[in-house]
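See below for the structure under consideration.
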Amino acid sequence: MQSVDVRVFKGDEADPIAVTTTDAEGLFAVALPDGEYRMEVSAPAFATFIETVRVGAGMEPRPVTLAVDVVREEIDVDTEREELSVAYTSMSLTSQRLSGDALLDLPDNEEDVAMYLLMLAGADTTGDLEADVLSSFIIDGFDNGRLPSLDQIAQIIVDPNSLSADGGGPRIEIVTRPGTYDLELRVAVKLP
């Protein structure tokens, strides 16, 4: 690895007596008198390698292996609050995003688009396209809407392994372009 930092210390001293970086081949050289030294090798995203080495005439190169650094995160929980909120991402590791040019490759027919997305999600289709769309599609955060036309869609997220609380299986989330989609509301009026 190139540009890895190397610091050499004498005994337990806090200040290094030599500082260098590795070359394009991952090698470094430091001229030191015979003796025992502490060598620290560090690079971004790797744990610092520390080793005590004995320097003497005819010393062979020493291979150093850097381990990936461990990332730690602390979370403070406020137990005084009465409300609880959980932030989550709607994208899982198994989901696929379709946007831009990928949307242009979709079929023109609304039924064909719906069937393609259902197959991509691995959904079990009932044969009733409207029921399948109602059970698997979320459009702008709402279910029970109609499938928008392709020119109204900004992005489609297909998640075959939805971790929703209702255990509803695959989820297809459609995000429309601003101002291009009107949510279809169905209102039943009961007269006295």
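The values are calculated or read from the model by the stated rules, or taken from the named source; none is laboratory data. Bear in mind that the values here come from a model prediction, so they are computed numbers and not experimental data. Every residue, glycine as well, gets a Cβ built from its backbone with ideal geometry; the counts of neighbours run over all protein chains shown.
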Condition first: modelled with pLDDT of 80 or more, farther than 19 Å from ASP132 by Cβ, under 25 Å from the mean Cα position of the chain (by Cα) and not aliphatic (A, V, I, L, M). Now tell me which residues in the stretch 78-122 satisfy that. ARG97, SER99, GLY100, ASP101
Flagged in the stretch 22-42 as surrounded by fewer than 14 Cβ atoms within 10 Å (Cβ to Cβ) and modelled with pLDDT of 90 or more, in numbering order, are PRO33, ASP34, GLY35, GLU36
List, please: which pairs have Cβ atoms under 7 Å, are six or more places apart or on different chains, and start with a residue in the stretch 22-39 that is among the polar types (S, T, N, Q) and end with one that is surrounded by 10 or more Cβ atoms within 10 Å (Cβ to Cβ)? THR22/MET1; THR22/GLN2; THR22/SER3; THR22/VAL4; THR22/VAL6; THR22/PHE28
May I ask you to list the residues in the stretch 31-69 that are β-branched (Val, Ile, Thr) and within 41 Å of the chain's Cα centre (by Cα)? VAL41, THR48, ILE50, THR52, VAL53, VAL64, THR65, VAL68
I'd like the full set of residues that are of a type in the set (S, T, N, Q) and outside any strand (DSSP E or B), limited to the stretch 45-78. THR48, THR65
Extreme residue, surrounded by the fewest Cβ atoms within 10 Å (Cβ to Cβ), among residues of the stretch 43-72 that are β-branched (Val, Ile, Thr) and either in the same structural domain as GLY26 (by TED's automatic domain parsing) or modelled with pLDDT of 85 or more (or both): THR65
